[in-house]
Amino acid sequence: MGRVSEGHRRGRLSPEAVRDMFDRISPLYDAMNRAMTLGLDRRWRRLAADAVVRPGDRVLDVCCGTGSFALADERAGGVVTGLDFAPRMLERARRKSQSVTWVQGDALAMPFADGAFDSATFGFGIRNVLDIAAGFAELHRVLRPGGRLACLEITRPDGPLRPLFQVWCECFVPIAGRALPGGAAYTYLPASVRRFPGPTELATLLGEAGFVEIGWRTLGGGMVTLHTAATPPSATTT
């Protein structure tokens with residue numbers, strides 16, 4: 001766990017720099033997501049929400065950004081809280097829904113009681129957390145025993161799509177970002193993807209944080225991975 005976490009930290013932006021970056025790109029965030037995924041990000045969020053959210057669940061969406069994943073959780077029947085540390089992103093989220101509870105806070109020190117939620121989602125944000133292992137441990141803390149987690153993240157595909165992914169990640173995304181006001185921050189994306197653990201390593205980190213029933217499936221030809229996991233039925237110390 002330590003080796004992965006330390007390697008993930010090297011060369012990273014500070015939390016303050018990441019927050020400022022996401023504040024700058026908040027007006028572009030939804031449009032860039034649609035463009036970069038050809039609109040498939042909506043389907044991926046729906047699949048993830050349906051995998052873990054049950055009607056009536058108290059749901060936490062971590063690093064909620066402009067709120068798209070939180071809204072998918074709500075459509076799946078959850079009573080949703082969205083957490084993000086970038087205030088401008090949360091401003092956009094609040095415009096989308098007044099029924100979701102929007103909270104500004106740190107994913108590594110969440111302002112919630114132990115076992116406060118039945119399920120949680122984490123979309124395209126865990127790679128921006130300074131310590132992934134600590135982030136998963138904090139998620140484990142706020143989920144009740146038997147709680148469920150879905151984590152969506154960009155990954156590097158193997159096989160024939162790998163060259164296409166490299167062109168998309170290394171060329172298209174930074175160029176498209178620079179063409180838009182404030183979008184130069186998207187040059188950060190390729191580096192963050194390169195640093196991010198692969199699906200097997202991420203599953204290991206989930207297990208070390210105390211999660212069980214860990215599985216994953218690839219989406220978008222292997223460019224995105226959906227991990228699902230659960231907390232043990234009875235509370236354990238991690």
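A short reminder: the numbers here are calculations on the coordinates, not readings from a lab. Keep in mind that this is a model prediction, so the values were computed, not measured. Reconstructed Cβ throughout: ideal geometry from the backbone, glycine too, with neighbour counts over all protein chains shown.
In this structure, Ile214 and Leu108 have a Cβ-Cβ separation that, at R0 = 22 Å, corresponds to a calculated FRET efficiency of about 0.55. Dipole check for region 43-156: with +1 at the C-beta of Lys and Arg, -1 at the C-beta of Asp and Glu, and the Cα centre as origin, the magnitude is about 440 Debye.
Using the Cβ-Cβ distance between Arg95 and Ala17 with R0 set to 25 Å, the FRET efficiency from 1/(1 + (r/R0)^6) comes to roughly 0.45. Reducing region 198-233 and region 18-81 to their Cα centroids gives an inter-centroid distance of 18 Å.
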